[in-house]
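Here is the structure we will look at, set down as structure tokens.
The values are calculated or read from the model by the stated rules, or taken from the named source; none is laboratory data. Remember, it's a predicted structure, so these values are computed and weren't measured experimentally. Heads up, the Cβs are rebuilt from the backbone with ideal geometry, glycines too, and the neighbour counts pull from every protein chain shown. Surface accessibility is based on the protein's heavy atoms, side chains included, excluding ligands, DNA and RNA. Shrake-Rupley method; radii C 1.70, N 1.55, O 1.52, S 1.80 Å.
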Amino acid sequence: MANLSYEERSLYGVLVVNLAVYLPYLFLSRYSNSLTRIAGAMVLLMALQILSQAVIAVATRNRLQDERDKQIRLYGYRAGYIAFTGLVGTGLSLLWLWAAYGHLDPMRLAIQFLSVLFGTIVLADIARVVTQLIAHRRPV
């Protein structure tokens with residue numbers, strides 16, 4: 001990681017923290033989802049992102065950005081927004097169908113809605129980061 005730019009280090013930090021928080025959340029709260037788990041995962045995600053970005057900023061001396069970094073950031077956000085809208089539409093449609101046919105307790109619908117929304121936000125952010133990392137490694 002010695003030859004990585006500040007942007008790339010920052011993106012790897014975001015990717016590692018997203019995966020470190022979301023994968024355990026996804027597999028551990030599969031059958032027992034609650035509002036405290038969702039809120040705890042969101043708070044943990046924010047706290048670890050702040051901590052990792054602070055460590056990366058302190059450890060990196062050269063934080064200059066050029067026009068290519070700005071263009072790559074735009075590509076990443078475009079991919080993230082496309083992934084977000086597609087995943088929200090798909091996830092909420094499936095949740096609606098699941099609830100409409102009686103497979104979901106109406107009392108748990110709000111919790112499942114928040115869980116789907118949290119998952120789509122994290123997956124869209126992962127799509128954004130991966131797109132930016134791939135764009136940084138492509139030759140000019």
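Kindly establish whether Ile50 is β-branched (Val, Ile, Thr), modelled with pLDDT under 90, farther than 16 Å from Tyr22 by Cβ and assigned to a helix (DSSP H, G or I).
On the way: β-branched (Val, Ile, Thr): yes; modelled with pLDDT under 90: no; farther than 16 Å from Tyr22 by Cβ: yes; assigned to a helix (DSSP H, G or I): yes.
Against the criterion (β-branched (Val, Ile, Thr), modelled with pLDDT under 90, farther than 16 Å from Tyr22 by Cβ and assigned to a helix (DSSP H, G or I)), Ile50 does not qualify.
Restricted to the stretch 63-99, and to residues there that are aliphatic (A, V, I, L, M) and closer than 14 Å to Ser5 by Cβ, the residue that is surrounded by the most Cβ atoms within 10 Å (Cβ to Cβ) is Ile72. May I ask you to verify whether Gln112 is assigned to a helix (DSSP H, G or I) and over 14 Å from Leu26 (Cβ atoms)? Judged against the criteria, Gln112 is not a match.
Within the stretch 115-140, the residues that satisfy the criterion of being among the β-branched types (Val, Ile, Thr) and open to solvent by 20 Å² or more (accessible area, probe 1.4 Å) are Val116, Ile121, Ile126, Val130, Thr131, Ile134, Val140.
Under the condition of being among the charged types (D, E, K, R) and surrounded by 15 or more Cβ atoms within 10 Å (Cβ to Cβ), the residues counted in the stretch 4-62 number 4.
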